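Worksheet for the structure shown next.
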Amino acid sequence: MKQKEIERTLQTLPIAAWKYPRVLVGIPKERTLSHADKVFMPFMQIAAQGVAVMDHPYGRIDIVRNHMAMTLLESEYTHLLMLDSDHIHPPDIVQRLARWVMLRDDVQIVGGLNFRRSAPHEPCAFFLDENNGVSTIGSWGDGIIKVDALGTGSMLIAREVFETMKPPWFYNIYDDNYWSDVYPGEDIGFALECKKYGICQWVDTTTTSPHVTDGIITEASFRRYLATHPGMYKTVATEEEGVGEDGKDA
């Protein structure tokens, strides 16, 4: 898409009137909405812009994400935007993530730079080694960075991804020989499937949705952990800069 057309589209409301991308939002349901005082209004601000939001049953998170993918494929929408309910999403998150698929044909999956709720609060954007060991980005510029695995707290996915890969697209990995400390969740299962099919994931370092616990988890939480626990956590060896909207390094 040409720059003027992109700018015109991003300024158009309702979002449902966009010719491309046609975005369908999915929000995994919880029995109760924790920290509603923080997360409810941003969802209202997003919905007020006229974006389509799917309904689905409450269920286990991997099953819910697969159901969202199937709902997308049964529709005429081109992209699924998953927004988790334990994040404070920016009101313009649809526009912020959608701009990348308008700017670049090679971006099929893009998500915000979000941070884990528990220590060390690292970025949920990972590189996998040959043994599927993980390291995270430690520094970044403004733009998008290609990663091997991305958290699903705010993720925009093209329907072609689900059409290319075989279901289940999202799955937990219950393998005692995989990681010594934890069973990988459905986001890692999805990432491994993407890697198998040669589908790239990108993290938008300019877009973040603070993670809500009893506090608010942001990059500052990660930096504080690194400062107070030297040597306890290893970030990725590269300092790759983000690719900006003009396709150049930031």
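Derivation of every value follows stated rules applied to the coordinates shown; laboratory data play no part. Bear in mind the structure is a predicted one, so any value in this text is a computation, not a measurement. Neighbour counts run over all protein chains shown; Cβ positions are idealised from the backbone, glycine included.
Kirkwood hydrodynamic radius, computed over distinct alpha-carbon pairs, for the chain: how many Å, to one decimal? Walk me through the numbers before you get to the answer.
Working: mean 1/r = 0.0538 Å⁻¹.
Final number for the Kirkwood radius of the chain is 18.6 Å.
Restricting to the chain, what percent of DSSP beta bridges are antiparallel, rounded to 5? Let's see the in-between values first.
Details: 23 of 33 bridges.
Here the share of antiparallel DSSP bridges comes out near 70 percent.
Would you mind checking which residues have amide H under 5 Å from Phe115's amide H? H placed 1.01 Å from N; only 5 or more apart, or other chain.
Those qualifying (amide H under 5 Å, at least 5 residues apart or on another chain) are Cys124, His211.
If the only charges are +1 at each Lys and Arg Cβ and -1 at each Asp and Glu Cβ, what is the size of the charge dipole of the chain around the Cα centre, to the nearest 20 debye?
Details: 24 positive and 35 negative charges, 112 e Å.
With Lys and Arg at +1 and Asp and Glu at -1, about 540 debye.
Looking at segment 15-82, which chymotrypsin sites (Phe, Trp or Tyr not before Pro) are in a loop (DSSP not H, G, I, E or B) and have at most 12 other Cβ atoms within 10 Å? Each step should come with its number before you reach the end.
On the way: sites: Trp18, Phe40, Phe43, Tyr58, Tyr77; in loops: Trp18, Tyr58, Tyr77.
Listed in order of number, the matching sites are Tyr58.
Which loop-located GluC sites (Glu not before Pro) does segment 25-117 contain, where loop means any DSSP state but H, G, I, E or B and the Cβ has at most 10 other Cβ atoms within 10 Å?
Numbers: sites: Glu30, Glu74, Glu76; in loops: Glu30, Glu74, Glu76.
Counting only loop positions with at most 10 other Cβ atoms within 10 Å, the GluC sites (Glu not before Pro) in segment 25-117 are Glu74, Glu76.
Among Ala149, Ala98, Ala48, which one shows the biggest mean-square fluctuation in a GNM of the chain, springs joining Cα atoms closer than 10 Å?
Greatest mean-square fluctuation among the candidates belongs to Ala48.
Considering the chain as a Gaussian network with a 10 Å cut-off on Cα pairs, which listed residue, Pro21, Pro184, Pro123, attains the greatest mean-square fluctuation?
Evaluated over the chain, the most mobile residue of the options is Pro184.
Could you grab the relative contact order for segment 12-140? Cα pairs under 8 Å, six or more apart, rounded to a whole percent.
Values: 153 pairs, mean separation 33.2, N = 129.
RCO, segment 12-140: 26 percent.
Taking only Cα atoms and a 10 Å spring cutoff, compute GNM fluctuations for the chain and point out the largest among Gly198, Gly185, Gly141.
Maximum fluctuation in the GNM of the chain, among the listed residues, is at Gly198.
Please report, in debye to the nearest 20, how large the charge dipole of segment 61-174 is about its Cα centre when each Lys and Arg carries +1 at its beta carbon and each Asp and Glu carries -1 there. Please report the intermediate quantities before stating the final value.
Values: 9 positive and 15 negative charges, 36 e Å.
Dipole of segment 61-174, to the nearest 20 debye: 180 debye.
Given an 8 Å cut-off on Cα distances and at least 6 residues of separation, report the relative contact order of the chain as a percent. If you can, show how the numbers build up before the last one.
Values: 484 pairs, mean separation 58.6, N = 250.
Relative contact order, the chain: 23 percent.
Output ³J(HN,Hα) for segment 206-223: one whole-Hz value per residue in order, computed from phi by the Karplus curve 6.51 cos²θ - 1.76 cosθ + 1.60 with θ = phi - 60°, and x for Gly and Pro.
Those phi angles translate into 9, 10, 9, 10, x, 7, 9, 10, 5, x, 10, 9, 9, 4, 4, 5, 4, 5 Hz.
Could you list the GluC sites (Glu not before Pro) in segment 109-170 that lie in coil according to DSSP, counting only those with at most 16 other Cβ atoms within 10 Å of their Cβ? List each step's numbers first, then the result.
Numbers: sites: Glu130, Glu160, Glu163; in loops: Glu130.
Answer in residue order: Glu130.
Can you say what percent of the DSSP beta bridges in segment 11-153, counting only those with both residues inside, are antiparallel? Round to 5.
Working: 6 of 12 bridges.
In segment 11-153, approximately 50 percent of DSSP beta bridges are antiparallel ones.
Which ³J(HN,Hα) values, rounded to whole Hz and listed in residue order, are derived for segment 115-124 from phi using the Karplus coefficients 6.51, -1.76 and 1.60 in 6.51 cos²θ - 1.76 cosθ + 1.60 with θ = phi - 60°, glycine and proline given as x?
Karplus values, whole Hz, x for Gly and Pro: 10, 4, 5, 9, 4, x, 6, 6, x, 7.
How far is the Cα center of segment 10-58 from the Cα center of segment 85-161, in Å?
18 Å
Just to confirm a number: summing +1 for Lys and Arg and -1 for Asp and Glu over residues other than Arg117 whose beta-carbon lies under 13 angstrom from that of Arg117, what do you get?
On the way: positive: Arg116; negative: Asp84, Asp86, Glu122, Asp214.
Its environment carries a net charge of -3.
Once amide H atoms are built 1.01 Å from N in the peptide plane, which residues 5 or more positions from Gln201, or in another chain, come under 5 Å H to H?
Amide H neighbours of Gln201: Val147.
In whole percent, what relative contact order does segment 89-212 give with Cα contacts below 8 Å and a gap of six or more residues?
Details: 211 pairs, mean separation 45.9, N = 124.
Rounded, it is 37 percent for segment 89-212.
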